[in-house]
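Note sheet for the following structure.
What follows is calculated from the coordinates using simple rules that are stated; it is not laboratory data. Here the structure is a predicted model, which means the values were calculated and not measured. Because the Cβ atoms are built from the backbone with ideal geometry, glycine has one as well, and the counts that use them run over all protein chains shown.
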Amino acid sequence: MLCAQASRDKLRITKANLMSDVHPPGELLFTVGQRTVAGVKDENEDAIGIRIPKGSQMANKGAVAVIADGVSAAEAGKEASETCVHNFLSDYYSTPDSWSVKKSTTQVLSALNRWLVGQGRLYKDAKKGYVSTFSCIIFKSHIGYIFHVGDTRIYRLRQGELEQLTRDHTMVISSEQSYLARAMGLDVSLDVDCRNVDIEVGDIFLLSSDGVHDFLDDKALLAGLQELIAENEADEFECGCQALITSALENGSRDNLSCQILRIDSLPTETLGDVSRKLGQLPFPPPLSIGMILDGFRIEKELHASNRSQIYVVRDVATDEVFCMKTPSVNFDDDLGYIERFVQESWIGSRINNPHVVKVVAGLRTKTCLYYITEYVEGITLAQWIKENPKPAVQDVIYMVEQIAKGIRAFHRRETLHQDLKPGNIMIDNNGEIVIIDFGSCFIQGIAEIDTPIDHQGILGTASYSAPEVVISAKSSVQSEIFSLAVIVFEMLTGQEPFEGKLGQCRSSQAYLRTKYIPSFELNPLVPIWIDGALKKGLRYDPGRRYDEVAEFLHELKVPNKKYKQQYNAALMDKNPLLFWQITSALLLVALCVSLLY
């Protein structure tokens, strides 16, 4: 029996898979069983195989289950099926990691088919020889890739419903006679059915040869699989395969009998590609108005609307919880770059878990159209707070900036840049806690390095809060984010934008270099010199002269740096010696009076 040893090896793996506390989350894990028997025939011309690799091979290539049924009318059906299974499992994993699943599989199957056809031509009857059916499913990330030719089958059991995922390539002549219209080795031109299906934890996949499914209807197959679920033991999956085979034999099967059962026990973290593939196929939402219900969410209020998107306050009809819903603008329903960026927004938000970053809420409903749900932050924007607090206490500003910095660092730990940091994208909730919102302009280095045929827009941030290098050359970095944060802190402390509010007008190096920095303490005398020194460094034109990390900038805002006071004194003495000595004398006089009092 081909792959019997492989079957036993897989069972040793799957016993461990049932012990969820042994495995860290984020892996693709299975429980499997497989069995193939000759039945009443003298020779078994079926072949089966499962390969579940580890590490990079699992990430790049995925896990494979394959079944093949050698055609009895062919002189070498057994050799054909064994070659299909053995060579496919070997050759598929030898293809380049950069190849897609479809490209790798079709290349291997084409080569296999040519070899089988060539061998078959050695026989007098060209229609005989090396001919076999072939059905396989490749599990990679959250997708099952199905490749099928012939009349072996693949089923999926999900939430009590059994679905046949393949169609038989047979021509029926009569109720008792049919023949294969497509098979491996039958013709030089190979026509393979290819399709993708989503996979979920708990899904059970059944692969079977016609010796099984021709003698067990869907009701019998479903009953056998449900009994297996009730047992929930790794060893039972092997026994479950045998039980189906035994039932088919009792129902009069006179063919070889093979089946494989795989259950998805754990899935890896969903990639952007997975999310884009699923959500990108959804239609745009219809025009929404107050009181409408979409996927169980009642529209309560429109918070924001622009030519790019809309944001609504919505209420979950079932739980009465309040959320925010962001929907895309119909202006871009044919813009693939826009759609991909919109999908990317929700994916980025779902990867960042920090109290100072708005949470994307996933999995509440099956979506019928394109949108995403976030928590509802009740409060005001930082922009509104700045208007209401033109001369705030410095310690209050630093407390808030600490929270903003924590949120920004949560992005950076995920190698993500927010790229649109501004007071309008920062919320202050009713408890005084800071929450950064909006993922529409985020930049992820790993994704940016991937070649894609879709044309993406450049930097989408706000010019008056963006660093010079972002506006001039669309190059963003951690130092660019520090520049944006420094602009925000300056505005919080003074009620005014730095450089006399001219950043938004600059589009060239010369324009930036012509701007004039007005010290923050001149606009708000409560600002210490050393805080202004930190701001000035964060706002330097050359990103290489700014801070390396947000934490460094925050430290110098909180801890006085004597060099900034010395630099200020030196600059003041050069510019206005009289004022310098007046201030120095005044400080000495205050110090003398204090000493006399004590």
Self-check item: Cβ-based exposure ranking for Phe439, Phe332, Phe88, in which fewest neighbours within 10 Å come first
Solution: Phe332, Phe88, Phe439
Quiz prompt | Net charge, Glu469 excluded, C-beta distance under 15 Å - Lys, Arg +1, Asp, Glu -1 | solution = +3
Quiz prompt | Radius, Kirkwood style, for region 4-269 when every pair of distinct Cα atoms is counted (Å) | solution = 18.6 Å
Quiz item: What is the P(r) of region 379-560, as percent of Cα-Cα pairs per 5 Å bin from 0?
Solution: 1, 8, 17, 22, 21, 16, 9, 3, 2, 1, 0
Practice problem: List the pair-distance distribution P(r) of region 130-174, using every Cα-Cα distance, as the percent of pairs falling in each 5 Å bin from 0 up to the bin containing the longest distance, rounded to whole percents. | Solution: 5, 18, 23, 23, 17, 8, 4, 2, 1
Exercise. Restrict the search to region 133-232; then list the trypsin sites (Lys or Arg not before Pro) that DSSP places in a loop and that have at most 11 other Cβ atoms within 10 Å of their Cβ.
Key: Arg167
Quiz item: Which ordering of Ile518, Ile48, Ile434 is given by a fewest-first count of other beta-carbon atoms within 10 Å?
Solution: Ile518, Ile434, Ile48
Quiz item: Which order do Val343, Val470, Val322 fall in if you start with the one that has the fewest other Cβ atoms within 10 Å?
Solution: Val322, Val343, Val470
Practice problem: In Å and from the alpha-carbon atoms only, list the Rg and Dmax of region 273-375. | Solution: 13.1, 35
Quiz item: If the chain between Ala362 and Ile518 were fully stretched, how many nm would it gain, using 0.36 nm times the residue separation less the Cα-Cα distance?
Solution: 51.6 nm
Exercise. Report the net charge of residues surrounding Lys516, where surrounding means a beta-carbon distance below 9 angstrom and charges are Lys +1, Arg +1, Asp -1, Glu -1.
Key: +1
Quiz item: So, counting K/R as plus one and D/E as minus one, what does the shell of residues with Cβ under 13 Å around Met427 add up to?
Solution: -3
Exercise. Would you kindly give the portion of the calculated P(r) for region 368-410 that falls above 17 Å, as a percent of all Cα pairs?
Key: 54 percent
